[in-house]
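Student: Can you keep this structure in mind? I'll have questions shortly.
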Amino acid sequence: MTITDPKLYAESLSFLNLAYGAGAEFRPGQYEAIEATMLHRRTLVVQRTGWGKSLVYFLCTMLLRSRGAGITLVVSPLLVLMQNQMDAAERMGLRCEALNSETADRREWILNAAARSALDVVFVTPETLFREEVQTRLPDISIGLFVIDEAHCISDWGHDFRLEYSRLKDVIAMLPYNVPVLATTATANDRVIEDLQKQLGQEVYISRGPLSRESLAIQILHLPDRKNRYAWILANLSKLPGSGIIYCLTQRDCDYLADFLNANGISAMSYYSRNKQEDERNRKAEAAFRANQIKALVATIKLGMGYDKGDISFVIHFQMPANVVSYYQQIGRAGRSIERAYIFLMSGQEDEEILDYFVKTAFPTEEDTLLVLDYVRDAGGMTLRDLEAQLNMRRSRIEKAVTFLLKDGYLYKENSKYYVSPKPFVYQREHYQSITAIRYQEIEQMKALVHTQDCYSQFIVRALDDRNAPECGHCANCLGKNLLPAKASFLAKRKASEYINGLTLTIEPRKMWVNFAATEAGKIAFINQTGICLSKYGDAGYGALVQRDKYSAKRRFCDELVGKSAQLLRPLIREHDITHITCVPSLRSDLVQDFSRRLARACRVPFVELLRKRPVPQQKHMENSAHQCANAFVSFSIIDDASIPEKVILIDDVVDSRWTMTVCGYRLMQAGCKEVYPFALADSSLKGGYSQ
């Protein structure tokens, strides 16, 4: 330990002992980081997960507050991480509050308390920090220490770059130089560290330690599909001690896998980014996991950075992460206060397809950004809903373009409308292309990890530019044998197959017209019943059969799909006294009508043609809800002199936006039908799919 200020060291040690008891000592590098923050003003801490980075800024807060300095403002990206940090700070006697979406009703009180210096630490999400009501109050608050947790989020080159974080460099630039700035992360390679140094300013002290985690034992599993992965988890989860995390790339996989485990007697809950109405489910899941009331928390990267639960005994990756750096971040949740934790990584072709989607959609295209700019400029200001109505573009693409244009200063927002700024637009093509190239290199590096014969732990930390890491001695490669069997039992595979083939989805009825469609505004007068969807398009099992048959040379859905669909619909027909089956008409193919006729025979109810379609652009070319609604509304009508049954099943092959089913059901009920029950072979929407 290097001590340049003995008095500061003695005072820091005194606060440490006060917080953790007499005899507590600093870990290697902790005091040096405290001293650098107190004396050098700009400090970057890059240390492994579990090292104690938050202790550095908590002790700095104690030191600064004892000297009469202002509060510590900690920018933190995740609510669950923020709560963990608040709990730890309060145990040390610090007065804390959080500014985030969950404390909006207390925001004014918290800001007033901060202005009175009645708090020691205020945690804030970047989104809340840049809200107008917070920005206007910041000049009233004396800031003694500015902390950026998970600082790799600032950097374009970081594995988890966040647009909201990119604005923090402007806050740093406005702070007086005598206000210390501390940035912390566990996941920064040389490229990211160099970028962070530039953003933090001159004379940055870097605290960088070894990244190896001695408690982690790693095994790679080459399992090609969902059935084999489900089966392996089912067969082996009970062999692992304690509780742990199973990471998935998509929300849909979190829900399915958690449901599969519960159906087979293993307690599990899902955790991912939800809307405010659903977020109580996350709180319950996290609380149950923290209390070890469930075996596994099945999560996206929403549960990643900084999550602190010391006894997590295993981490399983259901799919391959995007890069080695984020993989290190996620497996770092495990084994913090226990001697051994077990890490399993599953890999296969599906993973690369999902990762390729995330890379390709990371940045808005030049065409998208120019379209958004032109429409906003011509209209003299537009809301997101205005843009969606005008642009035949997915809402996610519109939002991405708007977000980047805001971040780079080409748009500004007043109330709910966006306006074009005077700044001349320049599309950062080369910058985006260089980052995209890096992302693909990172995927290749991840694939190299999957196939390496060397020590897995050593490979991972060397990817973070820790070149002195030793071999771990207890991963599957170091041991020369598997930690657990690489393949599942026949019984587990059979259970996995039965579950996957038994999955069905609901088709929730739409209840409101999109305001900008050529329809009556407001609530839909005639609403479908909740429908049934046999599969997710392309998924293992029936989803793969739908994908195969839809574009096969035979142009006919196989008998297996007819049989399974009939099995699902017969009970519905009996329960609701449904008398007929009809279908969504097509001008290009009789594929759906042929399937519907065969299905009607299998269900022993008549098939009847009730709807006709006008020659309009294909629905699949409509990119957002406004255009999908408007296009469907003018597409379908009732056949002249059609005899409308009271209760009917409405068949389509693939459902996406649900507007086709909504409008067809609406037309049928307008004509006298009392109940319409949608049925589709597959759901091709991205909702609940490629999102985290």
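Student: Inspect the stretch 142-152 for any residue being modelled with pLDDT under 90, within 30 Å of the chain's Cα centre (by Cα) and open to solvent by 60 Å² or more (accessible area, probe 1.4 Å) and give the result as yes or no.
Tutor: no
Student: Those residues that are modelled with pLDDT under 90, surrounded by fewer than 16 Cβ atoms within 10 Å (Cβ to Cβ) and not in a helix (DSSP H, G or I), I need them from the stretch 617-647; list them, please.
Tutor: Pro617, Gln618, Asp641
Student: Here's another thing I want to ask about it. Which members of the stretch 510-534 meet the condition of being at pLDDT 90 or above and open to solvent by less than 30 Å² (accessible area, probe 1.4 Å)?
Tutor: Ile524, Asn528, Gly531, Cys533, Leu534
Student: In addition: So how many residues does the stretch 20-44 have that are in contact with a helix residue (DSSP H, G or I) (Cβ under 8 Å, 6 or more places away or on another chain) and crowded, with 18+ Cβ neighbours inside 10 Å?
Tutor: 11
Condition check ((1) out of contact with any strand residue (DSSP E or B) (no Cβ under 6 Å at 6 or more places or on another chain); (2) charged (D, E, K, R)) across all residues:
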site	(1), (2)
Gly265	yes, no
Phe289	no, no
Leu297	no, no
Tyr307	yes, no
Ile312	no, no
Glu350	yes, yes
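Student: Pull up the stretch 217-237, narrow it to residues that are modelled with pLDDT of 95 or more and open to solvent by 20 Å² or more (accessible area, probe 1.4 Å), then point me to the one that is farthest from the chain's Cα centre (by Cα).
Tutor: Ala235
Student: How many of the residues making up the stretch 319-345 are under 19 Å from Trp232 (Cβ atoms) and modelled with pLDDT under 95?
Tutor: Within the stretch 319-345, residues that are under 19 Å from Trp232 (Cβ atoms) and modelled with pLDDT under 95 number 7.
Student: Could you count how many residues in the stretch 323-346 are of a type outside the set (Val, Ile, Thr), surrounded by 22 or more Cβ atoms within 10 Å (Cβ to Cβ) and within 25 Å of Arg191 (Cβ to Cβ)?
Tutor: 8
Student: Further question: Filter the stretch 466-499 down to the residues that are in a helix (DSSP H, G or I) and either in contact with a strand residue (DSSP E or B) (Cβ under 9 Å, 6 or more places away or on another chain) or surrounded by fewer than 18 Cβ atoms within 10 Å (Cβ to Cβ) (or both) and list them by number. Break it down stepwise before answering.
Tutor: Keep residues of the stretch 466-499 that are in a helix (DSSP H, G or I), which gives 476-479, 490-499.
Correct list: Ala476, Asn477, Cys478, Leu479, Phe490, Leu491, Arg494, Ser497, Glu498.
The rows are residues; the columns are (1) closer than 20 Å to Asp170 by Cα; (2) open to solvent by 10 Å² or more (accessible area, probe 1.4 Å).
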residue	(1), (2)
Leu59	no, no
Ala69	no, yes
Leu79	no, yes
Met92	no, yes
Val134	yes, no
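Student: Would the stretch 2-25 turn up any residue that is touching a strand residue (DSSP E or B) at 6+ places or on another chain (Cβ under 7 Å) and of a type outside the set (Phe, Trp, Tyr)?
Tutor: The first filter runs over the stretch 2-25 and keeps only residues touching a strand residue (DSSP E or B) at 6+ places or on another chain (Cβ under 7 Å), leaving none.
There is no residue in the stretch 2-25 that is touching a strand residue (DSSP E or B) at 6+ places or on another chain (Cβ under 7 Å) and of a type outside the set (Phe, Trp, Tyr).
Student: Looking only at residues that are at pLDDT 95 or above and not in a helix (DSSP H, G or I) in the stretch 248-268, which one is surrounded by the fewest Cβ atoms within 10 Å (Cβ to Cβ)? Even if it seems obvious, please write down each step before you answer.
Tutor: Narrowing the stretch 248-268 to residues at pLDDT 95 or above: 257-268.
Okay, now just the ones that are also not in a helix (DSSP H, G or I), so 264-268.
On the way: Asn264: 16, Gly265: 9, Ile266: 16, Ser267: 13, Ala268: 25.
Per the stated criteria, the residue is Gly265.
Student: Turning to a different aspect of this structure: In the set Thr579, Thr660, which member is touching a residue at least 60 places away in the same chain (Cβ under 8 Å) and open to solvent by 40 Å² or more (accessible area, probe 1.4 Å)? Even if it seems obvious, please write down each step before you answer.
Tutor: Numbers: Thr660 fails: open to solvent by 40 Å² or more (accessible area, probe 1.4 Å).
Checking each option against the conditions leaves just Thr579.
Student: Would you call Val592 farther than 15 Å from Pro678 by Cα, open to solvent by less than 30 Å² (accessible area, probe 1.4 Å) and not in a strand (DSSP E or B)? First the steps, then the outcome.
Tutor: Values: farther than 15 Å from Pro678 by Cα: no; open to solvent by less than 30 Å² (accessible area, probe 1.4 Å): yes; not in a strand (DSSP E or B): yes.
Criteria not met by Val592.
Student: Return only the number of the condition from (1) hydrophobic (A, V, I, L, M, F, W, C); (2) at pLDDT below 90; (3) over 27 Å from Thr49 (Cβ atoms) that Leu111 does not satisfy.
Tutor: Unmet condition: (2).
Student: Another question, then. Which of the following residues is assigned to a helix (DSSP H, G or I), touching a Phe, Trp or Tyr at 6+ places or on another chain (Cβ under 7 Å) and over 27 Å from Val325 (Cβ atoms): Leu81, Leu59? Break it down stepwise before answering.
Tutor: On the way: Leu81 fails: over 27 Å from Val325 (Cβ atoms).
So the residue among Leu81, Leu59 that is assigned to a helix (DSSP H, G or I), touching a Phe, Trp or Tyr at 6+ places or on another chain (Cβ under 7 Å) and over 27 Å from Val325 (Cβ atoms) is Leu59.
Student: Let me ask you something else. Restricting attention to the stretch 421-437, does a residue exist that is touching a residue at least 40 places away in the same chain (Cβ under 8 Å) and outside any helix (DSSP H, G or I)? Can you show your working first?
Tutor: Of all residues in the stretch 421-437, those touching a residue at least 40 places away in the same chain (Cβ under 8 Å) come to 425, 427, 429, 431-432, 435-436.
Applying the additional criterion that residues be outside any helix (DSSP H, G or I) yields 425, 427.
Yes: the stretch 421-437 contains one or more residues that are touching a residue at least 40 places away in the same chain (Cβ under 8 Å) and outside any helix (DSSP H, G or I).
Student: Pull up the stretch 190-200, narrow it to residues that are over 19 Å from Val324 (Cβ atoms) and out of contact with any helix residue (DSSP H, G or I) (no Cβ under 7 Å at 6 or more places or on another chain), then point me to the one that is modelled with the highest pLDDT.
Tutor: It comes out as Gln197.
Student: Taking the stretch 1-20 as the search range and keeping residues that are of a type in the set (A, V, I, L, M) and not in a helix (DSSP H, G or I), which one is farthest from Gly52 (Cα to Cα)?
Tutor: If we take residues in the stretch 1-20 being of a type in the set (A, V, I, L, M) and not in a helix (DSSP H, G or I), then Ile3 is farthest from Gly52 (Cα to Cα).
Student: Cβ-Cβ distance below 8 Å, separation of 6 or more or different chains: which pairs start in the stretch 85-113 with a residue that is in contact (Cβ under 8 Å) with a residue 40 or more places away in the chain and end on one that is charged (D, E, K, R) and surrounded by fewer than 13 Cβ atoms within 10 Å (Cβ to Cβ)?
Tutor: Close Cβ pairs satisfying both conditions: Ser101/Lys276.
Student: I would also like to ask the following. Kindly list, by first and then second residue, each pair from a residue in the stretch 262-274 that is within 15 Å of Ala287 (Cβ to Cβ) and among the hydroxyl-bearing types (Ser, Thr, Tyr) to a residue that is open to solvent by 60 Å² or more (accessible area, probe 1.4 Å) and at pLDDT below 95, limited to pairs with Cβ atoms under 9 Å and residues at least 6 apart or on different chains.
Tutor: Qualifying pairs under 9 Å: Ser270/Arg281; Tyr271/Arg281.
Student: For the stretch 546-561, what are the residues that are touching a Leu at 6+ places or on another chain (Cβ under 9 Å), more than 26 Å from Val676 (Cβ to Cβ) and open to solvent by less than 60 Å² (accessible area, probe 1.4 Å)?
Tutor: Cys558
Every residue, every condition in (1) under 25 Å from Ser212 (Cα atoms); (2) under 38 Å from the mean Cα position of the chain (by Cα), yes or no:
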{"position": "Pro6", "(1), (2)": "no, no"}
{"position": "Phe15", "(1), (2)": "no, no"}
{"position": "Gly21", "(1), (2)": "no, no"}
{"position": "Phe26", "(1), (2)": "yes, yes"}
{"position": "Met38", "(1), (2)": "no, yes"}
{"position": "Thr43", "(1), (2)": "yes, yes"}
{"position": "Val56", "(1), (2)": "yes, yes"}
{"position": "Arg67", "(1), (2)": "no, no"}
{"position": "Thr72", "(1), (2)": "no, yes"}
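Student: What's the total number of residues in the stretch 595-615 that are exposed (fewer than 15 other Cβ atoms within 10 Å of the Cβ), in contact with a helix residue (DSSP H, G or I) (Cβ under 7 Å, 6 or more places away or on another chain) and under 30 Å from Ala630 (Cα atoms)? Let's see the steps before the verdict.
Tutor: Residues of the stretch 595-615 exposed (fewer than 15 other Cβ atoms within 10 Å of the Cβ): 601, 604, 606, 609, 614-615.
In the following step, the residues that additionally are in contact with a helix residue (DSSP H, G or I) (Cβ under 7 Å, 6 or more places away or on another chain) were identified as 606, 614.
Now restrict to residues that are under 30 Å from Ala630 (Cα atoms): 614.
Qualifying residue count, the stretch 595-615: 1.
Student: Here is a follow-up. Just one of (1) open to solvent by 10 Å² or more (accessible area, probe 1.4 Å); (2) in contact (Cβ under 8 Å) with a residue 40 or more places away in the chain trips up Glu194, so point out which.
Tutor: Checking Glu194 against (1) open to solvent by 10 Å² or more (accessible area, probe 1.4 Å); (2) in contact (Cβ under 8 Å) with a residue 40 or more places away in the chain, the one that fails is (2).
The values are calculated or read from the model by the stated rules, or taken from the named source; none is laboratory data. Please read these numbers as outputs of a predicted model, since none were measured by experiment. Heads up, the Cβs are rebuilt from the backbone with ideal geometry, glycines too, and the neighbour counts pull from every protein chain shown. Calculation scope for accessible area: heavy atoms of the full protein, side chains included, ligands and nucleic acids excluded. Shrake-Rupley method; radii C 1.70, N 1.55, O 1.52, S 1.80 Å.
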